[in-house]
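Below is one structure, written out as structure tokens; comments come after it.
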Amino acid sequence: MDGPTHLVVGLLKKPHGVRGDALVYPVTDEPEAVFALGKRLLLLDREGRATGGELVIERSRQYHRAWLLHFEGIETREALGDLRERHLAIPMAEARALEDGEFYMHELVGLSVATAAGAGVGVVAQVIEAPQGWLLEVTGGEKSHLIPFTRSVVQRVDRAERRMVITPPNGLLEL
């Protein structure tokens with residue numbers, strides 16, 4: 001099978017309270033569906049591989065920008081100790097089918113990047129979540145650029161052609 005077998009949907013940050021609730025940062029546009037009651041989430045190791053561990057959501061609610069989740073069988077704060085900073089995922093087979101123009105963030109890595117005028121910029125090396133928003137590290141030749149992943153800069157992402165077209169702000173590619 002090509003590509004990943006699971007899709008990261010959240011990051012379990014820390015216990016919340018004393019009864020086994022966990023503070024989870026969503027990494028999905030659809031947290032209401034992904035963090036629904038009865039949903040099974042896979043635990044990933046630090047390298048992003050499924051460990052065989054599985055958590056079933058017993059309670060779920062939004063909490064500021066994060067979510068508070070309670071999992072079956074976890075009733076104390078201490079039981080969450082080893083799960084801090086672990087990613088949660090769903091099998092790719094359970095992910096919603098993408099519509100035209102949609103993509104997963106992991107699919108951006110490896111895309112060739114060119115300007116709207118046709119000049120080659122490089123290849124997306126990584127996607128970085130920064131406080132001001134998503135950034136793409138694009139490497140080409142001797143240069144590396146941090147490109148803001150915004151509608152005003154990224155004009156088109158073509159999954160089939162593995163290509164991205166950008167309109168960078170004046171001077172960005174000269175830095």
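Just to be sure I understand the filter: pairs with C-beta atoms under 9 Å, separated by 6 or more residues or on different chains, first member in the stretch 38-62 and assigned by TED's automatic domain parsing to the domain that holds Glu85, second member of a type in the set (Ser, Thr, Tyr). Which pairs pass?
These pairs meet every condition: Lys39/Ser60; Leu42/Thr51; Leu43/Thr51; Leu44/Thr51; Asp45/Thr51; Ala50/Thr5.
Hey, can you tell me all the residues within the stretch 121-137 that are of a type in the set (A, V, I, L, M, F, W, C), surrounded by 12 or more Cβ atoms within 10 Å (Cβ to Cβ) and within 16 Å of the chain's Cα centre (by Cα)?
Val124, Ala125, Val127, Ile128, Trp134, Leu135, Leu136
Restricting the search to the stretch 106-116, which residues are surrounded by fewer than 14 Cβ atoms within 10 Å (Cβ to Cβ) and without any contact (Cβ under 8 Å) to a residue 60 or more places away in the chain? Can you show your working first?
Going residue by residue through the stretch 106-116, those that are surrounded by fewer than 14 Cβ atoms within 10 Å (Cβ to Cβ) are 106, 109-110, 116.
Hits for the stretch 106-116 are Val109, Gly110, Ala116.
Mind listing just one residue for me: the one in the stretch 138-165 that is within 21 Å of Gly101 (Cα to Cα) and acidic (Asp, Glu) and, of those, surrounded by the most Cβ atoms within 10 Å (Cβ to Cβ)?
Top of the filtered list is Asp158.
Given the conditions (1) of a type in the set (Asp, Glu); (2) closer than 25 Å to Met164 by Cβ; (3) not assigned by TED's automatic domain parsing to the domain that holds Ile147, which single one is not true for Glu78?
That leaves (2) as the condition not met.
Working carefully through the options Ala114, Ala22, find the one that is in contact with a Lys or Arg (Cβ under 8 Å, 6 or more places away or on another chain), within 30 Å of Ser152 (Cα to Cα), modelled with pLDDT of 95 or more and assigned to a strand (DSSP E or B).
The conditions single out Ala114.
Give all pairs with beta carbons closer than 8 Å in which a residue from the stretch 73-96 that is over 16 Å from Val24 (Cα atoms) meets a residue that is of a type in the set (S, T, N, Q); count only pairs at least 6 apart in sequence or on separate chains.
Pro91/Thr5; Met92/Thr5
Which is at pLDDT 90 or above and either under 30 Å from Arg159 (Cβ atoms) or in a loop (DSSP other than H, G, I, E, B) (or both), of Glu99, Glu58, Glu75?
Details: Glu99 fails: at pLDDT 90 or above; Glu58 fails: either under 30 Å from Arg159 (Cβ atoms) or in a loop (DSSP other than H, G, I, E, B) (or both).
Going through Glu99, Glu58, Glu75 in turn, the sole match is Glu75.
If the Cβ limit is 9 Å and pairs must be 6+ apart or interchain, which residue in the stretch 121-133 that is at positive phi pairs with which residue that is among the basic types (Lys, Arg) and assigned to a strand (DSSP E or B)?
As it stands, the answer is Gly122/Lys143, since those pairs meet every condition given.
Any idea which of Val124, Val157 is in contact with a helix residue (DSSP H, G or I) (Cβ under 6 Å, 6 or more places away or on another chain), of a type in the set (A, V, I, L, M) and within 20 Å of Val8 (Cβ to Cβ)?
Val124
The values are calculated or read from the model by the stated rules, or taken from the named source; none is laboratory data. What you see is a predicted model; the values in this text were computed from it and never measured. Neighbour counts run over all protein chains shown; Cβ positions are idealised from the backbone, glycine included.
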